[in-house]
1. In contact with a helix residue (DSSP H, G or I) (Cβ under 9 Å, 6 or more places away or on another chain) and open to solvent by 30 Å² or more (accessible area, probe 1.4 Å), is that true of residue 51?
2. Using beta carbons and a limit of 7 Å, which pairs, at least six apart or on different chains, have the first residue in segment 107-122 and among the hydroxyl-bearing types (Ser, Thr, Tyr) and the second one open to solvent by less than 60 Å² (accessible area, probe 1.4 Å)?
3. Given (1) in a helix (DSSP H, G or I); (2) over 30 Å from residue 259 (Cα atoms); (3) modelled with pLDDT of 85 or more; (4) in contact with a Lys or Arg (Cβ under 9 Å, 6 or more places away or on another chain), where does residue 166 come up short, assuming only one miss?
4. Six or more apart or on different chains, Cβ atoms under 6 Å: show the pairs whose first residue is in segment 193-219 and crowded, with 21+ Cβ neighbours inside 10 Å and whose second is part of a loop (DSSP other than H, G, I, E, B).
5. Which condition from (1) among the β-branched types (Val, Ile, Thr); (2) free of Cβ contacts under 8 Å to residues at least 40 places away in the same chain; (3) under 26 Å from residue 82 (Cβ atoms) is the one that residue 229 breaks?
6. Can you confirm whether residue 43 is open to solvent by 60 Å² or more (accessible area, probe 1.4 Å) and farther than 28 Å from residue 200 by Cα?
7. Filter segment 96-110 down to residues that are of a type outside the set (A, V, I, L, M, F, W, C) and open to solvent by 40 Å² or more (accessible area, probe 1.4 Å) and give me whichever is farthest from residue 54 (Cα to Cα).
Amino acid sequence: MSGKEGSGGFRKRKHDNFPHGQRREEKENVNPSSALMMSFKTFQLELDTRHDKYERLVKLSRDITIESKRTIFLLHRFTSAPNGEEILNESEAKLDAVRRKIKQIAQELIGEDMYQFHRAISPGLQEYVEAVSFQYFIKTRSLVSVEEINKQLIFTAEDREEITNTTSNSQDKQPHTWSLKVTPVDYLLGVADLTGELMRLCISSVGNGDIDTPFELSQFLRQIYDGFTFIGNTGPYEVSKKLYTLKQSLAKVENACYTLKVRGSEIPKHMLADVFSTKTELIDQEEGLS
């Protein structure tokens, strides 16, 4: 009992040193117009502005991701569509809409360090790289460079209202040209995701009777895989993580080419897609066990 009373008494004496009335008086005595309080209010306003901008960028990145995925789904219809030019024109219109969203991001980042907001915009840029590189491959059967992607991300104030707003606000001093550069990491991650779409393109092209596309894709994916292996463990963690998926996609395409080469004459064309789908499921099961 004495120990408890002693400890309780200590706690009581500790609280008695800082009575509530005294603390309330100290709060009332704080001068809100002091230099210290004014500086903290400035910090508060700056942090709130930065957080609001971060949330706007997250929303724009989410919209870019959704529209880029829709573009990829549209491009997968290229192999089965009777008129492929219409698919490409429609995909270009969708990518123009995505670039208008990226223009808004570029305007938000005027005068800011992009890397402070990189985590907010990185998922959308990766998905955009995947959509652009997928369309570029369908057109040219080659890989688009990061320089070519960044050339399309230089924007100008085309509307008269936009020009008048930028010229009238002399305090902002915003230029009439905005640009946003895709970082090498975002480019590599987008290309790594592209390999999965090329694997699906291989399976769908075989189902439509196209025998040449799988062999072209096999050579192309092997070159990409060789390029990623040169990076090795020196690159970012996300790149080495997606290397496993890239290797899996390459194995599925090579398995399709092997089946076409060895048993292509035995299996009817309308059944080849079913054979490949079952073989890819077996590959996934084996990878999961290992």
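The values are calculated or read from the model by the stated rules, or taken from the named source; none is laboratory data. These figures come from a predicted structure and were not determined experimentally. Ideal geometry is used to build each Cβ from the backbone, glycine not excepted, and the neighbour counts take in all protein chains shown. Ligands, DNA and RNA are excluded from the accessible area calculation, which covers all protein heavy atoms including side chains. Shrake-Rupley method; radii C 1.70, N 1.55, O 1.52, S 1.80 Å.
1. On the way: in contact with a helix residue (DSSP H, G or I) (Cβ under 9 Å, 6 or more places away or on another chain): no; open to solvent by 30 Å² or more (accessible area, probe 1.4 Å): yes.
No; evaluated as a whole, the condition is false for this residue.
2. From residues that are among the hydroxyl-bearing types (Ser, Thr, Tyr), the pairs are 122/186.
3. Of everything listed in (1) in a helix (DSSP H, G or I); (2) over 30 Å from residue 259 (Cα atoms); (3) modelled with pLDDT of 85 or more; (4) in contact with a Lys or Arg (Cβ under 9 Å, 6 or more places away or on another chain), residue 166 misses just condition (3).
4. 205/79
5. Of everything listed in (1) among the β-branched types (Val, Ile, Thr); (2) free of Cβ contacts under 8 Å to residues at least 40 places away in the same chain; (3) under 26 Å from residue 82 (Cβ atoms), residue 229 misses just condition (3).
6. yes
7. Out of the qualifying residues, it is 96.
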